[in-house]
Amino acid sequence: MRAIRIHEHGDLSVLRIDEIPQPTPKENEVLVKIKAVAMNHMDLWVRQGMPGVKLPLPIILGCEASGIVESSGSSAKKFKKGDEVVIIPNRSCGECPACREGNDHFCPQFGLYGETEDGLEVEYKSVPEKNLLLKPKALSFEEAAAIPVTFLTAWHMLIDKCQLQKEETVLVVAASSGVGSAAVQIAKHFGAQVIATAGSEDKIQHARELGADHVINHTTQDFSKEVKKLTNGKGVDIVFEHVGAVTWEKSMRSLGFRGRLVTCGATTGPEVKINLVHLFIKHQRILGSTMGPSRALSDIYQLAADKKIHPVIDHTYSFDQVKEAHRRLEGRGQFGKIVLIP
């Protein structure tokens, strides 16, 4: 079978489509024929290499996928051949206190497909039965693949970390990304007033279509000043951050009294400055977040099945076009998710 794999870190030239053996499911595993794989910025970081992080090489990329059950191991009884499924990206021990409490993302051995072990950009993948969910019939394979990482991350940030309340005001920075587009929809579903930022007129229109009440062009305007105008000088209750150094100062200036800034990324750099006086005088909180508990995916997929939220697909590419897909994601030209088809 074919697999998208890197043998070394680097630019687009290190991406390879290798022929590797098709796996046989172990006793507790299910073999899935992959139908769609969604890309994330993590794919770029893994390909390029992350300072101080040693990854197993060669490694197959990809952490979000959907497909069809092909066969099962002897003790895997939950799914049958032909079932349409989604692969849960979280990898954990299943035995530690965090896992037993349903917080697998806090597991000391937590990892993701395509980062800490071989990923899902393959034609067939054998996964533990616990890492599968039935795909809602209302969703295409592409839509189903585009949900787990971005929606679970945004859900955990807004609902678990920030404890979003109805009628609060949320600023979503860079709403055109996968996680940003998910955050706009989740915040609106729970009754928030949403201010979003985007970098072009097309992306601004897309953000409005997702439900954002106000959209600011962050390439031509100082969004912190615009936020203050829109909130009568108060600032927002929650800032949803994932960009990092380039937007951090404006994000902090946008935060109001008792506000919470939650961040899950640093795509433009990890080094930022914090005005401690503003932080303690305004009783503000800064929260870090990575992924979320896999148990929340059942609620998320139900909302998607009921058409209350939906993944945004920017573009689909074949495996043979993987370099083009990486180039588009790297150039930040997309709105929503990029999906690969085997």
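With 17 Å as the cut-off, how large is the P(r) tail for the range 53-125, expressed as percent of Cα-Cα pairs?
Counting pairs separated by more than 17 Å, the tail of P(r) holds 56 percent.
Once you have a ≥ b ≥ c as the square roots of the Cα gyration tensor eigenvalues for the range 173-272, tell me rounded if a/c is under 1.5, and otherwise prolate or oblate according to whether a/b is larger than b/c.
Cα axes put the range 173-272 in the rounded bin.
What percentage of the solvent-accessible surface of the range 20-151, computed with a 1.4 Å probe over protein heavy atoms, is contributed by carbon and sulfur atoms?
Here it works out to 52 percent.
To the nearest µm²/s, what D does Stokes-Einstein give for the range 50-174 at 4 °C and 1.567 mPa s, using the Kirkwood radius over alpha carbon pairs as Rh?
So the translational diffusion coefficient is about 79 µm²/s.
For the range 187-342, what is Rg from Cα atoms divided by 2.2 N^0.38 Å, rounded to two decimals?
The value comes to 1.15.
Run through every distinct alpha carbon pair of the chain and return the Kirkwood hydrodynamic radius in angstroms, one decimal place.
Taking the inverse mean of 1/r over all distinct Cα pairs, the chain comes out at 20.5 Å.
Can you give the accessible area per residue of the chain, in Å², using a 1.4 Å probe?
Per residue, the chain has 44 Å² of solvent-accessible surface.
What ratio of Cα Rg to 2.2 N^0.38 Å holds for the range 1-84?
That works out to 1.28 for the range 1-84.
Rounded, prolate or oblate, given the Cα gyration tensor of the range 245-318, with a/c below 1.5 counting as rounded?
It is prolate, given that a/c is not under 1.5 and a/b is the larger ratio.
Rounded to the nearest 10 Å², what accessible area does LEU303 show when all protein chains are kept and the probe is 1.4 Å?
LEU303 exposes around 20 Å² with every protein chain in place.
Mind scanning LYS77/LYS166; LYS35/LYS188; LYS161/LYS225; LYS273/LYS308; LYS81/LYS307; LYS161/LYS229 and naming the pairs with a C-alpha gap bigger than 32 Å?
Violating the 32 Å limit, Cα to Cα: LYS77/LYS166; LYS273/LYS308.
For the range 25-109, what relative contact order do you get, as a whole percent, if you take Cα pairs closer than 8 Å and at least 6 residues apart?
30
Could you work out the relative contact order of the chain? I mean the mean sequence separation of Cα pairs under 8 Å and 6+ apart, divided by the number of residues, in percent.
Relative contact order, the chain: 18 percent.
Kirkwood hydrodynamic radius, computed over distinct alpha-carbon pairs, for the range 115-256: how many Å, to one decimal?
16.3
The values are calculated or read from the model by the stated rules, or taken from the named source; none is laboratory data. If you're wondering where the values come from, they're calculated on a predicted model, not measured in any experiment. Please note that ligands, DNA and RNA were not included when accessible areas were found on the heavy atoms of the full protein model with its side chains. Shrake-Rupley method; radii C 1.70, N 1.55, O 1.52, S 1.80 Å.
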